[in-house]
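K.L.:
Sending over a structure as structure tokens; questions will come in a sec.
The values are calculated or read from the model by the stated rules, or taken from the named source; none is laboratory data. What you see is a predicted model; the values in this text were computed from it and never measured. Cβ atoms come from the backbone with ideal geometry, glycine included; neighbour counts cover every protein chain shown.
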Amino acid sequence: MTPSILLVEDNASDEQLTLRALRTSSIACEVTVARDGAAALDYLFANGPHEGRDTSVLPWVVLLDLNLPKLGGLEVLRRLRNDDRTRSLPVVVLTSSNEQDDISAACALGCNAYVQKLMGFGAFAEAVRVLSVFWLTLNERVPPRRPATIPPR
Amino acid sequence: MMELDLRQENESLRTRNTELVEALGAAERPAVSLRNAESRLSRLSESGLIGIVIGDNRGSVTEANDAILDMLGYSRDEIVSGRVLWEDLTPPEWRDGDARAISQLATSGVGQLHEKEYIRNDGTRVAVLVGSALLDGETTTSISFVLDITERKLAQAEIVRLREDRAADAKFRGLLETAPDAVVVIGDGGAIVLVNHQFETLFGYARGDIVGCPIEVLIPPDDRDAAQLSKLAYFRPTGLRPGGERLEIDARRKDGTEFPIEVSLSWADTPGGPLVSCAIRDITDRRRTEEQRSRLVAIVDASRDAIIGKTVDGMITSWNRGAELTFGYTANEAVGRSISILVPVERASEREAILAVAAKGIVQYLDTVRRTKAGRLLEVSATISPVLDAAGRVDAISDVLRDVTEKKRDERALIHARDDAVTANRELEAFSYSVAHDLRSPLRGISAFAELLLDASHDQLDPESQDWLRRIVASAARMATLIDALLSLSRVTRNDLISEVVDLSALVGAAGARLAAAEVGHPTELVVEPGLWAIMDPRLALVLVENLLGNAWKFTRNAANPRIEFGVTQRHGARTFFVRDNGAGFDMKYFEKLFAPFQRLHAEKEFSGTGIGLATVERIVRRHGGEISAEGVVGRGATFYFTLPPRGDGALS
């Protein structure tokens with residue numbers, strides 16, 4: 001099974017840079033991009049344009065920016081953790097903020113990692129590479145649930 | 001003296017009585033030779049001691065001696081001729097006694113001795129003792145002996161009076177001792193003749209010490225008011241008030257201490273001469289009370305607060321000037337009315353509640369609204385105190401009301417302004433925070449794509465173009481540093497402070513070690529005074545120390561023997577920390593620019609930096625209620641001083 005990543009990122013440059021960094025990381029993966037918080041939730045919960053998508057198929061890791069249009073990254077994280085389907089979905093916060101408050105809030109809401117986007121492509125690409133190696137190759141995934149076990153909504 | 005006189009008088013009277021009785025006895029005894037008797041009688045008659053009258057039972061007189069004539073003031077002719085009848089000489093109230101004596105005379109021959117009075121020729125009376133007897137062989141002619149007892153009567157009256165006096169004296173003394181006041185009696189000449197126990201206690205003199213002394217010993221010398229007392233003691237003023245004279249003067253105790261007294265003087269004429277009695281009351285307490293009272297009255301009068309006395313039912317009993325000014329009612333208008341004239345209708349229930357609590361003896365402080373005479377509503381700050389009587393019962397209620405309408409308005413305006421300022425500040429901080437973050441994303445794009453370009457097009461670009469690309473990357477990096485510095489500066493004011501005991505010495509030591517590790521080629525001597533603590537936010541403490549030490553480290557880079565010192569000293573009476581270096585120093589001329597953000601005193605090439613470090617340090621110190629200053633000489637080094645008060649002055653909250 002091809003590893004998959006959901007990148008939640010509104011900044012086109014950062015999206016480009018992240019995708020390039022992933023390409024150069026030599027790990028084959030499928031990347032889905034959501035450009036705001038609402039779009040990310042629609043994708044994961046198969047709503048709106050993603051209606052009919054099999055919600056038991058989840059990305060291996062979500063790379064979540066905090067500063068997002070419509071629905072902020074922290075709110076996206078809260079909703080993911082409040083839903084049984086996504087409660088244990090690995091979420092890595094990838095943001096330019098290194099504010100203590102943001103770090104504390106994200107950790108309290110149950111992010112799996114908090115990584116600051118570094119200045120300069122070299123440093124940024126290295127961070128993305130390490131992340132993808134960890135979450136796509138080293139980390140053991142929670143087995144995907146069968147549809148029967150999905151609790152009624 | 002008087003008693004002695006009286007005793008002698010009595011004695012002589014008794015002697016004369018004996019003689020009289022003997023004479024009468026002789027007259028009664030017919031056995032004794034008549035001649036003998038006659039000669040004795042004539043001797044007695046001539047002695048002038050006793051009046052002798054011979055007459056008949058109808059009252060006509062045949063013989064009278066000189067003594068009786070002297071006694072009655074008539075001539076012998078007037079008596080003997082019958083022009084004056086014996087009966088007429090006797091006042092009506094004594095005539096019954098005479099009649100009894102005459103009838104006795106008739107039956108027994110002897111008239112019993114009895115006292116009576118005669119009317120003298122001049123109309124005055126003379127008290128006499130009369131005894132009579134029939135002459136031998138006679139049935140109608142009798143002889144009467146009349147003794148003038150005026151003096152004896154006087155003496156007797158004196159005895160009675162003295163006896164009464166003595167009783168009165170004892171009563172007086174008893175009274176004196178039970179009197180609440182100290183009493184001094186001054187005799188003629190101003191000497192003290194009598195004092196009571198209360199006097200002894202009050203003045204500290206024993207009775208024996210003070211009796212006989214002049215009244216002046218009780219008065220401070222040279223006290224003009226007190227001299228009034230001695231004047232009154234000597235000269236009885238005319239036109240006295242019925243209660244006597246009353247003075248308030250200072251008095252002096254035996255030990256020399258002085259104290260205020262009230263003296264009530266009264267004068268009495270006694271047989272022993274005039275006496276002045278002084279009832280003395282210590283009015284120290286009264287004075288003090290009066291002083292306190294007048295002071296309180298002055299305070300109440302001068303107060304701009306409304307001070308209102310009222311009964312437990314809320315009826316106004318007193319109303320000061322402040323109340324007049326505050327509420328517009330005059331004292332005349334307010335006193336006697338209910339306090340509810342001040343209570344707005346919608347707060348009518350408040351009045352009952354306040355009175356009920358005050359009745360329990362509880363003092364109340366409240367902010368409420370009251371109404372003026374003109375109907376204007378005032379915001380008042382009120383203190384409602386129960387006034388207790390001696391038994392501790394709530395006797396009255398005192399209200400102190402301060403018009404705080406304007407103050408409250410100002411307060412609200414101030415709070416509003418502060419809230420606005422806080423909001424504006426918060427908005428500004430939020431703005432700079434989001435600007436900084438928003439700037440970072442495009443910057444990262446610039447930096448990263450320039451780097452990618454440099455990497456990917458390496459072969460196609462000439463060295464100059466490559467250099468330009470590197471400059472783009474470097475500039476972006478520099479800008480990123482500035483943004484980070486700006487964010488850390490805004491963080492100083494953005495976050496709430498935590499107060500902890502922070503070991504600054506340890507922080508300095510750790511920061512020094514980090515700097516030394518980062519710059520191995522820059523050996524610097526770091527001298528840290530151990531155990532210097534401060535109460536402050538630990539995160540900001542770290543920022544403070546890193547910035548100051550980093551600053552010192554940076555500017556000693558070119559020094560021959562770099563040395564940085566951290567310690568504490570006393571400056572302007574305050575515990576002051578300092579960081580001293582022997583580096584590049586600065587020109588005091590630019591002191592103002594030292595702590596301003598983005599202001600730098602050195603060229604970027606010379607010493608790199610953001611210009612934010614010291615501004616951050618200054619903000620941290622100020623936010624903890626401390627102060628920061630610096631001294632420097634170009635080429636000789638700089639010293640940064642800062643205080644961190646043990647408790648922030650409200651800036652910590």
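K.L.:
Residue by residue through region B:436-482, note down the ones that are in a loop (DSSP other than H, G, I, E, B), polar (S, T, N, Q) and more than 17 Å from A:Arg20 (Cβ to Cβ). Explain how you work it out, then say what you get.
P.N.:
In the first step, residues of region B:436-482 are kept if they are in a loop (DSSP other than H, G, I, E, B); the result is B:457-462.
Next cut, polar (S, T, N, Q) only: B:457, B:460.
Within region B:436-482, B:Gln460 is the sole residue that qualifies.
K.L.:
Go through region B:519-547 and report how many residues are out of contact with any helix residue (DSSP H, G or I) (no Cβ under 6 Å at 6 or more places or on another chain), in a helix (DSSP H, G or I) and either polar (S, T, N, Q) or within 22 Å of B:Arg636 (Cβ to Cβ) (or both).
P.N.:
0
K.L.:
Only one of these is more than 14 Å from A:Val62 (Cα to Cα), modelled with pLDDT under 95 and either crowded, with 20+ Cβ neighbours inside 10 Å or within 14 Å of another protein chain (Cβ to nearest Cβ) (or both): A:Ala125, A:Ala148. Name it. So that I can check it myself, show each step before the final result.
P.N.:
Working: A:Ala148 fails: either crowded, with 20+ Cβ neighbours inside 10 Å or within 14 Å of another protein chain (Cβ to nearest Cβ) (or both).
Going through A:Ala125, A:Ala148 in turn, just one is more than 14 Å from A:Val62 (Cα to Cα), modelled with pLDDT under 95 and either crowded, with 20+ Cβ neighbours inside 10 Å or within 14 Å of another protein chain (Cβ to nearest Cβ) (or both): A:Ala125.
K.L.:
Filter region B:426-448 for residues that are over 16 Å from B:Leu487 (Cβ atoms) and away from chain A (no Cβ under 12 Å) and give the result.
P.N.:
Within region B:426-448, just B:Glu427 meets the criteria.
K.L.:
Just give me the residues in region B:463-497 being β-branched (Val, Ile, Thr) and at pLDDT 80 or above, in sequence order.
P.N.:
As a first pass, look at region B:463-497 and keep what is β-branched (Val, Ile, Thr): B:472-473, B:481, B:483, B:492-493.
Selection gives B:Ile472, B:Val473, B:Thr481, B:Ile483.
K.L.:
Select, from B:Arg471, B:Arg514, B:Arg478, the only residue that is over 22 Å from B:Gly550 (Cβ atoms) and over 60 Å from the mean Cα position of the chain (by Cα).
P.N.:
Testing whether each residue is over 22 Å from B:Gly550 (Cβ atoms) and over 60 Å from the mean Cα position of the chain (by Cα) leaves just B:Arg471.
K.L.:
Follow-up. Could you check, for region B:563-579, whether at least one of its residues is out of contact with any strand residue (DSSP E or B) (no Cβ under 7 Å at 6 or more places or on another chain) and in a strand (DSSP E or B)?
P.N.:
Restricting attention to region B:563-579, the residues satisfying the condition of being out of contact with any strand residue (DSSP E or B) (no Cβ under 7 Å at 6 or more places or on another chain) are B:572-574.
So of that shortlist, the ones also in a strand (DSSP E or B) come out as B:574.
Among the residues of region B:563-579, at least one is out of contact with any strand residue (DSSP E or B) (no Cβ under 7 Å at 6 or more places or on another chain) and in a strand (DSSP E or B), which makes the answer yes.
K.L.:
Out of (1) within 14 Å of chain B (Cβ to nearest Cβ); (2) farther than 23 Å from A:Met119 by Cβ, the odd one out for A:Ala28 is which?
P.N.:
Condition not satisfied by A:Ala28: (1).
K.L.:
Here's another thing I want to ask about it. Do you know which of the residues in region A:91-116 that are part of a loop (DSSP other than H, G, I, E, B) and within 11 Å of chain B (Cβ to nearest Cβ) is nearest to A:Arg129 (Cα to Cα)? Walk me through how you get there before you give the answer.
P.N.:
Residues of region A:91-116 that are part of a loop (DSSP other than H, G, I, E, B), as a first pass: A:96-99, A:109-112.
Next, only the ones that are within 11 Å of chain B (Cβ to nearest Cβ) stay: A:96-99.
Working: A:Ser96: 17, A:Ser97: 20, A:Asn98: 20, A:Glu99: 23 Å.
Per the stated criteria, the residue is A:Ser96.
K.L.:
Another question, if that's okay. Residues of region A:26-46 being surrounded by 14 or more Cβ atoms within 10 Å (Cβ to Cβ), part of a loop (DSSP other than H, G, I, E, B) and of a type outside the set (Asp, Glu), which ones?
P.N.:
Initially, region A:26-46 is screened for residues surrounded by 14 or more Cβ atoms within 10 Å (Cβ to Cβ), giving A:27, A:29, A:31-46.
When the remaining residues are screened for being part of a loop (DSSP other than H, G, I, E, B), the result is A:27, A:29, A:35-36, A:46.
The answer is A:Ile27, A:Cys29, A:Arg35, A:Ala46.
K.L.:
Taking B:Glu151, is it more than 32 Å from the chain's Cα centre (by Cα), charged (D, E, K, R) and closer than 30 Å to B:Ser47 by Cβ?
P.N.:
Working: more than 32 Å from the chain's Cα centre (by Cα): yes; charged (D, E, K, R): yes; closer than 30 Å to B:Ser47 by Cβ: yes.
Criteria met by B:Glu151.
K.L.:
While we're here: Restricting to region A:31-57, and then to whatever is free of Cβ contacts under 8 Å to residues at least 40 places away in the same chain and of a type in the set (A, V, I, L, M, F, W, C), can you tell me which residue is farthest from the other protein chains (Cβ to nearest Cβ)?
P.N.:
So the residue we want is A:Ala46.
K.L.:
Mind checking whether some residue in region B:63-84 is in contact (Cβ under 8 Å) with a residue 24 or more places away in the chain and surrounded by fewer than 14 Cβ atoms within 10 Å (Cβ to Cβ)?
P.N.:
Among the residues of region B:63-84, not one is in contact (Cβ under 8 Å) with a residue 24 or more places away in the chain and surrounded by fewer than 14 Cβ atoms within 10 Å (Cβ to Cβ), which makes the answer no.
K.L.:
Considering only residues that are farther than 16 Å from A:Glu9 by Cα and assigned to a loop (DSSP other than H, G, I, E, B), which ones fall in region A:68-90?
P.N.:
Start the filter on region A:68-90 by keeping residues that are farther than 16 Å from A:Glu9 by Cα, which leaves A:78-90.
Within region A:68-90, A:Asn82, A:Asp83, A:Asp84, A:Arg85, A:Thr86, A:Arg87, A:Ser88, A:Leu89, A:Pro90 qualify.
K.L.:
Of (1) within 13 Å of chain A (Cβ to nearest Cβ); (2) under 30 Å from B:Gln364 (Cβ atoms), B:Arg409 satisfies all except one. Which?
P.N.:
(1)
K.L.:
Okay, moving on. Of all residues in region B:590-628 being touching an Asp or Glu at 6+ places or on another chain (Cβ under 6 Å) and buried (at least 18 other Cβ atoms within 10 Å of the Cβ), which is modelled with the highest pLDDT? If you could, list the steps in order and put the result at the bottom.
P.N.:
Narrowing region B:590-628 to residues touching an Asp or Glu at 6+ places or on another chain (Cβ under 6 Å): B:595, B:625, B:628.
Checking which are buried (at least 18 other Cβ atoms within 10 Å of the Cβ) leaves us with B:595, B:628.
Details: B:Phe595: 84, B:Ile628: 92.
So the residue we want is B:Ile628.
K.L.:
Among the listed residues B:Val501, B:Val520, B:Val527, identify the single one that is away from chain A (no Cβ under 14 Å), over 15 Å from B:Ile620 (Cα atoms) and touching an Asp or Glu at 6+ places or on another chain (Cβ under 6 Å).
P.N.:
Details: B:Val501 fails: touching an Asp or Glu at 6+ places or on another chain (Cβ under 6 Å); B:Val520 fails: touching an Asp or Glu at 6+ places or on another chain (Cβ under 6 Å).
Answer to the check: B:Val527.
K.L.:
From the set of residues in region A:74-101 that are touching a Ser or Thr at 6+ places or on another chain (Cβ under 7 Å) and surrounded by 18 or more Cβ atoms within 10 Å (Cβ to Cβ), which is farthest from A:Leu17 (Cα to Cα)?
P.N.:
Our first condition is that a residue be touching a Ser or Thr at 6+ places or on another chain (Cβ under 7 Å); within region A:74-101, this holds for A:80, A:85, A:96.
Subsequent filtering for residues that are surrounded by 18 or more Cβ atoms within 10 Å (Cβ to Cβ) retains A:80, A:96.
On the way: A:Leu80: 26, A:Ser96: 14 Å.
Across region A:74-101, the extreme among qualifying residues is A:Leu80.
K.L.:
Would a scan of region B:359-371 turn up a residue that is modelled with pLDDT under 90 and among the small types (Gly, Ala, Ser)?
P.N.:
Yes, that holds for at least one residue.
K.L.:
Looking at this structure, is B:Leu129 modelled with pLDDT under 85 and farther than 27 Å from B:Asp282 by Cβ? Give the steps one after another, and end with the answer.
P.N.:
On the way: modelled with pLDDT under 85: no; farther than 27 Å from B:Asp282 by Cβ: yes.
Spelling it out, it is not the case that B:Leu129 is modelled with pLDDT under 85 and farther than 27 Å from B:Asp282 by Cβ.
K.L.:
Restricting region B:451-466 to residues that are farther than 28 Å from B:His437 by Cα and of a type in the set (Asp, Glu), which is nearest to the other protein chains (Cβ to nearest Cβ)?
P.N.:
Result: B:Asp459.
K.L.:
Continuing with this model, one more query. Write out, first by first residue and then by second, each pair whose Cβ atoms fall under 9 Å of each other, whose residues are 6+ apart or on separate chains, and whose first residue, in region B:514-529, is touching a residue at least 24 places away in the same chain (Cβ under 8 Å) and more than 18 Å from B:Arg580 (Cα to Cα) while the second is surrounded by 13 or more Cβ atoms within 10 Å (Cβ to Cβ) and aromatic (Phe, Trp, Tyr).
P.N.:
B:Glu519/B:Trp553
K.L.:
Would you call B:Pro260 in a loop (DSSP other than H, G, I, E, B) and either at pLDDT 90 or above or more than 19 Å from B:Ile210 (Cβ to Cβ) (or both)? First the steps, then the outcome.
P.N.:
Values: in a loop (DSSP other than H, G, I, E, B): no; either at pLDDT 90 or above or more than 19 Å from B:Ile210 (Cβ to Cβ) (or both): yes.
Answer is no for this residue.
K.L.:
Looking only at region B:362-410, how many residues end up being surrounded by 13 or more Cβ atoms within 10 Å (Cβ to Cβ) and in a loop (DSSP other than H, G, I, E, B)?
P.N.:
Number satisfying all stated conditions: 3.
K.L.:
Got at least one residue in region B:87-102 being under 30 Å from B:Arg7 (Cα atoms) and not acidic (Asp, Glu)? Lay out the reasoning, then the answer.
P.N.:
Within region B:87-102, the subset under 30 Å from B:Arg7 (Cα atoms) is B:94, B:97.
Pick out the ones that are also not acidic (Asp, Glu) and you get B:94, B:97.
Checking region B:87-102: at least one residue is under 30 Å from B:Arg7 (Cα atoms) and not acidic (Asp, Glu).
K.L.:
When you check A:Ala21 against the structure, is it among the aliphatic types (A, V, I, L, M), surrounded by fewer than 16 Cβ atoms within 10 Å (Cβ to Cβ), under 30 Å from B:Leu452 (Cα atoms) and within 14 Å of another protein chain (Cβ to nearest Cβ), yes or no? I'd like the intermediate steps shown before the answer.
P.N.:
Details: among the aliphatic types (A, V, I, L, M): yes; surrounded by fewer than 16 Cβ atoms within 10 Å (Cβ to Cβ): no; under 30 Å from B:Leu452 (Cα atoms): yes; within 14 Å of another protein chain (Cβ to nearest Cβ): yes.
No.
K.L.:
Here's a follow-up. Just to be sure, is B:Tyr234 hydroxyl-bearing (Ser, Thr, Tyr) and modelled with pLDDT under 85?
P.N.:
yes
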